[in-house]
Amino acid sequence: MSFLTLDHVSHHYFSKSGYTKALDNISLSIKEGEFIALLGPSGCGKSTILSIIAGIMKQTAGKVLLQDKTISDSDLAIGYMLQQDYLFPWKTIIDNVMLGPKICKTNSVKTKEKAMDLLDEVGLCDVADAYPSSLSGGMRQRVALVRTLINDPKVLLLDEPFSALDYQTKLKLEDLVSQLLKTYYKTTILVTHDIGEAIAMSDRIYIMDANPGSIAKVFEVPLELRNETPFLVRRHPKYQLIFDKVWEELDKKAQEGGALK
Amino acid sequence: MESKTDQHLFENFKSELKREKKVVFIWQISILISFIALWEIASKLYWIDPLLFSSPSKIVNLIITKFGDGSMITHVQVTLFETVLGFLIGTILGIIIASTLWSSTRFSKIMDPYLVIMNAMPKVALGPIIIVALGTGYLSIITMGAIISVIITTLVVYSAFNEVDPNYEKVLKSFGATRWQCFKEAVFPATFPAMISTLKVNVGLSWVGIIVGEFLVSKQGLGYLIIYGFQVFDFTLVMASLVLIAIFAAIMYKIVERIEGWLIKHTI
């Protein structure tokens with residue numbers, strides 16, 4: 001049964017001088033606990049999809065259903081993690097993490113304990129009272145992850161969350177995130193332009209087309225790869241096979257795009 | 001051995017820094033002293049008319065006697081009270097107006113031309129109208145002090161509100177935050193440094209408003225002393241008031257600078 005469904009979703013951006021179609025007729029459905037990746041060139045509307053699912057924007061056409069309810073009617077929490085951590089520099093780490101409960105007014109001693117447990121799980125409980133400026137990029141992104149998880153969201157939206165990090169940090173964080181999300185059985189959508197990351201982390205990959213953003217092709221990640229940690233997936237013999245297939249598809253798109261120009 | 005030379009280089013650097021600071025200070029002091037000396041001599045030798053330009057010794061004497069008999073203290077108190085109050089009201093009111101503008105995009109669009117006009121308008125020109133409306137007491141003068149800084153504070157703070165990175169709001173909205181919650185949690189605290197930097201500008205502006213206000217109506221205060229001295233042709237009194245204004249404005253500026261440093265350290 002489908003947990004999250006996008007049913008013929010389109011979105012337009014309007015301005016004085018005209019409009020652009022950012023998304024065209026996107027349909028996809030995700031089962032609970034699945035991890036999917038949206039892969040495509042910049043400007044293909046990947047982030048727009050996430051903003052719509054998060055309820056920050058309203059699509060201009062089509063339906064988004066979470067457990068058969070529209071997003072605005074559903075009271076399931078949705079976690080949204082951005083490309084940069086966007087920790088609030090004037091708040092301590094623990095206050096940053098507690099932002100979600102504060103907004104939803106579920107702030108209590110229990111949620112605070114939970115926050116400390118989660119921070120502990122990502123190895124950061126000793127910096128709870130520090131300010132974000134004293135943390136490294138990787139640590140900050142881990143705090144952002146905890147902040148996203150604290151409200152116990154059923155759906156997690158990751159908008160290129162590792163792209164601003166250096167390579168080693170990125171690999172380590174991929175492993176951590178992947179393991180955490182599996183443990184808590186979260187449904188996740190990852191937006192990325194990194195083919196390796198998409199294969200290493202997800203169960204299914206949607207290749208997207210730009211102008212207007214639409215789904216061009218879907219790849220199932222082989223079962224053997226799904227249960228490995230992202231770091232080990234990259235060494236798996238099947239990794240290269242699917243990498244080549246995805247690469248070919250993207251390359252074809254790029255060339256078509258080039259020919260159009 | 002190596003650490004010894006490192007230490008030595010560091011010591012050299014520090015003494016160099018100290019020397020530079022000393023040289024700058026000596027220059028600053030000598031400019032001040034030579035200015036005062038030149039003024040004194042010029043006045044004594046009638047290079048300038050001592051009746052018009054007074055002399056440093058007369059000014060100092062006057063300040064000492066006026067403080068001695070207590071008459072100066074009230075004037076200083078009145079002006080300081082008005083300035084501090086005008087400054088506070090102008091700043092706080094400006095921030096409040098900016099917040100209401102932010103709360104409704106439509107309201108801010110409607111208000112835009114009025115704000116532009118009010119900002120362009122020289123506020124001191126409103127003086128006579130304020131006096132007619134509010135009387136000749138402290139109230140008018142404090143209003144002058146406030147009105148001169150309120151519009152610019154509004155504009156600066158409002159534009160700072162709009163420059164806050166929208167991604168902070170995005171984070172909050174993903175938790176389902178209302179517009180008010182976004183303001184309270186992200187927009188307002190993120191703009192704090194901008195608000196603090198308006199404080200410094202407003203100190204200077206409030207002094208302008210208060211002194212002009214006192215020119216127009218008051219019976220007390222340093223601005224009044226300047227006008228009074230001018231009318232009775234006592235330029236020593238005018239100069240003495242100017243010196244006091246310079247001193248107190250500088251002190252107030254320094255205090256605000258300290259508060260600014262403290263606030264920034266404890267909030268960001």
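The values are calculated or read from the model by the stated rules, or taken from the named source; none is laboratory data. This is a predicted model, so every value here is computed, not measured. All Cβ positions, glycine included, derive from the backbone under ideal geometry; neighbour counts span all protein chains shown. We work out accessible area using only protein heavy atoms, side chains counted, and drop any ligands, DNA or RNA first. Shrake-Rupley method; radii C 1.70, N 1.55, O 1.52, S 1.80 Å.
Restricting to the stretch A:189-209, and then to whatever is over 14 Å from the mean Cα position of the chain (by Cα) and within 18 Å of A:Ser27 (Cβ to Cβ), can you tell me which residue is most open to solvent (accessible area, probe 1.4 Å)?
Per the criteria, the residue is A:Asp209.
I'm trying to understand the selection: among the residues of the stretch A:54-70, which are touching a strand residue (DSSP E or B) at 6+ places or on another chain (Cβ under 9 Å), more than 14 Å from chain B (Cβ to nearest Cβ) and either over 13 Å from A:Phe14 (Cβ atoms) or not β-branched (Val, Ile, Thr) (or both)?
Result: A:Gln59, A:Ala61, A:Gly62, A:Lys63, A:Val64, A:Leu65, A:Gln67, A:Asp68, A:Thr70.
Considering only the stretch A:129-161, how many residues are of a type outside the set (Lys, Arg), more than 10 Å from chain B (Cβ to nearest Cβ) and part of a helix (DSSP H, G or I)?
10
Would you be able to tell me the number of residues in the stretch A:95-109 that are of a type in the set (Gly, Ala, Ser) and not in a helix (DSSP H, G or I)?
1
I'm told B:Leu225 meets every condition in (1) among the hydrophobic types (A, V, I, L, M, F, W, C); (2) within 14 Å of another protein chain (Cβ to nearest Cβ); (3) open to solvent by less than 20 Å² (accessible area, probe 1.4 Å) except one. Can you identify the failing condition by its number?
(2)
Can you confirm whether the stretch B:77-97 contains a residue that is open to solvent by 20 Å² or more (accessible area, probe 1.4 Å), more than 14 Å from chain A (Cβ to nearest Cβ) and not in a helix (DSSP H, G or I)?
No: zero hits.
Restricting attention to helices (runs of 4 or more DSSP H) lying wholly within the stretch B:163-268, give those where 1 or more residues are out of contact with any Lys or Arg (no Cβ under 6 Å at 6 or more places or on another chain) and touching a residue at least 40 places away in the same chain (Cβ under 8 Å).
Values: elements: B:166-174, B:179-182, B:188-216, B:222-231, B:235-267.
Of the helices (runs of 4 or more DSSP H) lying wholly inside the stretch B:163-268, those with at least 1 residues that are out of contact with any Lys or Arg (no Cβ under 6 Å at 6 or more places or on another chain) and touching a residue at least 40 places away in the same chain (Cβ under 8 Å) span B:179-182, B:188-216, B:222-231, B:235-267.
Here's the yes/no breakdown for (1) under 30 Å from B:Glu82 (Cβ atoms); (2) open to solvent by 50 Å² or more (accessible area, probe 1.4 Å); (3) within 14 Å of chain A (Cβ to nearest Cβ):
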{"position": "B:Pro128", "(1), (2), (3)": "yes, yes, no"}
{"position": "B:Ser174", "(1), (2), (3)": "no, no, yes"}
{"position": "B:Thr178", "(1), (2), (3)": "no, yes, yes"}
{"position": "B:Cys182", "(1), (2), (3)": "no, no, yes"}
{"position": "B:Ser197", "(1), (2), (3)": "yes, yes, no"}
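Residues are listed down the side, and each one gets a yes or a no for (1) open to solvent by 60 Å² or more (accessible area, probe 1.4 Å); (2) among the small types (Gly, Ala, Ser); (3) within 14 Å of another protein chain (Cβ to nearest Cβ):
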| site | (1), (2), (3) |
| --- | --- |
| A:Leu6 | no, no, no |
| A:Ala22 | no, yes, no |
| A:Gly33 | no, yes, no |
| A:Leu50 | no, no, yes |
| A:Tyr80 | no, no, yes |
| A:Ile93 | no, no, no |
